[in-house]
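Reading through the structure tokens given below for one structure.
The values are calculated or read from the model by the stated rules, or taken from the named source; none is laboratory data. Everything numeric here is computed off the predicted structure, so don't read it as measured data. In this analysis, Cβ positions are derived from the backbone assuming ideal geometry, glycine residues included, and neighbour counts consider all displayed protein chains. The accessibility values were calculated without ligands, DNA or RNA, using every heavy atom of the protein model including side chains. Shrake-Rupley method; radii C 1.70, N 1.55, O 1.52, S 1.80 Å.
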Amino acid sequence: KICESSGESLVSCEGECCSVFHVECLGLKLMPDEKFICTECKNGEHTCFSCKLPGKDVKRCSVSSCGKFYHEVCVRKFPTALFESRGFRCPQHCCTACSMDKDIHKASKGRMVRCFRCPIAYHSGDGCIAAGSLFVSSHILICSNHSKRNHSSSAVNVGFCFVCARGGKLLCCESCPASFHPECLNIEMPEGCWNCNDCKAGKKLRYKQIVWVKLGNYRQVHCAWLFMLWGWWPAEICNPRSVPLNIQGLKHDIGDFPVFFFGSHDYYWVHQGRVFPYVEGDKSFAEGQTSINKTFKKALEEAAKRFQELKAQRESKEALEIERNSRKPPPYKHIKSNKVIGKVQIQVADLSEIPRCNCKPSDENPCGLESECLNRMLQYECHPQVCPAGERCQNQCFTKRLYPDAEIIKTDRRGWGLRTKRSIKKGEFVNEYVGELIDEEECRLRIKRAHENSVTNFYMLTVTKDRIIDAGPKGNYSRFMNHSCNPNCETQKWTVNGDIRVGLFALCDIPAGMELTFNYNLDCLGNGRTECHCGAENCSGFLGVRPKTAFATANEEKVKNAKLKQKKRKMKTEQKQMHEDNCFQCGDGGELVMCDKKDCPKAYHLLCLNLTQPPFGKWECPWHQCDICSTPAVSFCEFCPHSFCRDHEKGALVASALDGRLCCSAHD
């Protein structure tokens, strides 16, 4: 830890830091006889591995063999850090290169080579390690971020924009050759030093990558005049161990890497400030130039050929990996119950607070599916110490995990799915939806990180306003259940020992061998929509979108047709409709009043209804009364509670651009 070199006479700290020291560096002459603990572990003040500032407010990485400490603010800056219920896994357990490539499943797997000075790690091998890194041992390196060279004073920028390929007034990156027109980036010309997005994100060049190199006027080889003629030359970045010994012996520093020049077949050491990636078809800019030297033409041909070879190798490797991964689902940790993350708490009720049903032990099926158990009707699970039926109680499916046998299957167009091995009765408990229990803040953070890593599969399900189940990293078989616009299962929120849990229940009799599905009721983020492949007759075509109506214009006839199609679709649908989780007026969640009209899923805040207390008896929401005369409505806006009777519907609604759904004048 002190001199950054390996050797003999090493002593390990047996405290929390797991650091290793030379005996000499500690000022000792002999190996200590007793248990050795370093000064930081004795004082309890460890140094943050990111900002290098000591303090007692730092937290240790949850991996037992790691020993790195961080301020929480510092570790959250790294997208490769993983927060868990017991703490966090620091960035040194996730490959930085794979994370940059959005391959998050691969990023945390395999053997890692870790930087000695900062929270950077790579998979061992040329495919991930940043060019210019210096190996200290087989599993420790000093990454290229720690170069002593001042890159801002040695970068050589290209004379054209990387976006439009034209010259002019350019904004030049201080760390690499990239140049841009400010208008091509939609920014103003900044003052002072500026770095491009790739450099800001920490993107690095790698070994076996084809690049363009410019050395300037100091190259001491026989073809220096070629560089003065052309400037940029195609080359391949080489691993220092694979170049000739005389090249290895040339003066270089951390951050420098050897390149092999095509055409001339020379080697030289360069750094990131004089190199930018070769792109397929780059040789086209040199075509038609009559003054191009034969050696340079040869270099262009060799670079294009080598680029295709490396591309074919990479594609072959990816295809092999895809084929291997297609045999089994993406990795996840199987758990039996929800795992709390962060500030979320699981509620536990006192026995006196748990409702007691009226079932008897002598009943044929006490608390069963067809019984009149009050707890079952109110979606409360009986407690074994409270229920009068005792051990014969059949309303403890969550606690006893009484799931019908099911198996994971590969579907044609919907990835992995779940299929039942035995027949399931209507209303029967199928599975509990379990995963990591997170709050809204953590949910938004995970969604943001997922979008940054191009993740398209989400497993998040809302329990309450501030509690979300994320079955992505951890879960059970229920995470494999696909969406369907005409599902055979539904989610229900049950109270189990004082805590709200989510169960999946059969909507109909399901025969053995049938795939289990439920309606995701997806809350779409942004403008992106995911295509639905459920194959149901009433399929909407997209997740989170209601079944389509015919496209209608503003004229009354097409509006009428759209309304008739809505009515027919409602008549076809026989499945049970749950009430919506958000207020139909303002769109927010919370304590809601439910409409009692048959098949109406709408719910509202009391405040949005201008009420101070819940309505008494059977109550129908404002959506069913005409806005003008309060008579029964026949035309309904699908985006707010506005509705109209037969006398006032003319011209009140038009078909919107959102799949022809009817809307009133309050919406665009």
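Laid out as a table, the results:
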{"read-out": "Of all accessible heavy-atom area on the chain, the percent that carbon and sulfur account for (1.4 Å)", "value": "50 percent"}
{"read-out": "Nearest-0.05 FRET efficiency for residue 594 and residue 188, computed from C-beta distance (R0 41 Å)", "value": "0.20"}
{"read-out": "Spherically averaged projected area in nm², based on the convex hull that wraps the Cα atoms of the range 45-146", "value": "6.6 nm²"}
{"read-out": "Virtual paramagnetic centre 7 Å along Cα→Cβ of residue 135, amide N under 15 Å, in the range 1-37", "value": "6"}
{"read-out": "Sparsely packed GluC sites (Glu not before Pro) within the range 34-105, loop by DSSP, other Cβ within 10 Å at most 14", "value": "34, 45"}
{"read-out": "Listed residues 607, 472, 248: farthest to the positive end of the dipole of the chain (Cβ charges)", "value": "248"}
{"read-out": "Accessible surface, per residue, of the chain when the full set of protein chains is kept, probe 1.4 Å, Å²", "value": "57 Å²"}
{"read-out": "Signed unit charges on C-beta, dipole axis of the chain, positive-most listed residue 418, 124, 349", "value": "124"}
{"read-out": "Stokes-Einstein D in µm²/s, Kirkwood radius over Cα pairs - the range 333-518 at 10 °C with 1.306 mPa s viscosity", "value": "90 µm²/s"}
{"read-out": "Given charges at beta-carbon only (K, R positive; D, E negative), |dipole| of the range 45-146 in Debye", "value": "200 debye"}
{"read-out": "Dipole magnitude of the range 333-518 about its Cα centre (Cβ charges: Lys, Arg +1; Asp, Glu -1), debye to nearest 20", "value": "580 debye"}
{"read-out": "Dipole magnitude of the chain about its Cα centre (Cβ charges: Lys, Arg +1; Asp, Glu -1), debye to nearest 20", "value": "1380 debye"}
{"read-out": "Among (i) 43.5; (ii) 38.0; (iii) 30.8, the entry derived from the coordinates for Kirkwood radius over Cα pairs in Å", "value": "(iii)"}
{"read-out": "Charge dipole of the chain about the Cα centre (unit charges at C-beta), most positive-ward option of 97, 457, 544", "value": "97"}
{"read-out": "For peptides 379-392, 477-490, 162-175, sequence by mean Cβ density within 10 Å, most packed first", "value": "477-490, 379-392, 162-175"}
{"read-out": "Expected 222 nm ellipticity per residue - DSSP helices of 4 or more, -39500 (n - 2.57), all of the chain, to 500", "value": "-4500 deg cm²/dmol"}
{"read-out": "Qualifying trypsin sites (Lys or Arg not before Pro) for the range 1-58 [loop in DSSP, other Cβ within 10 Å: at most 11]", "value": "29, 35, 52, 56"}
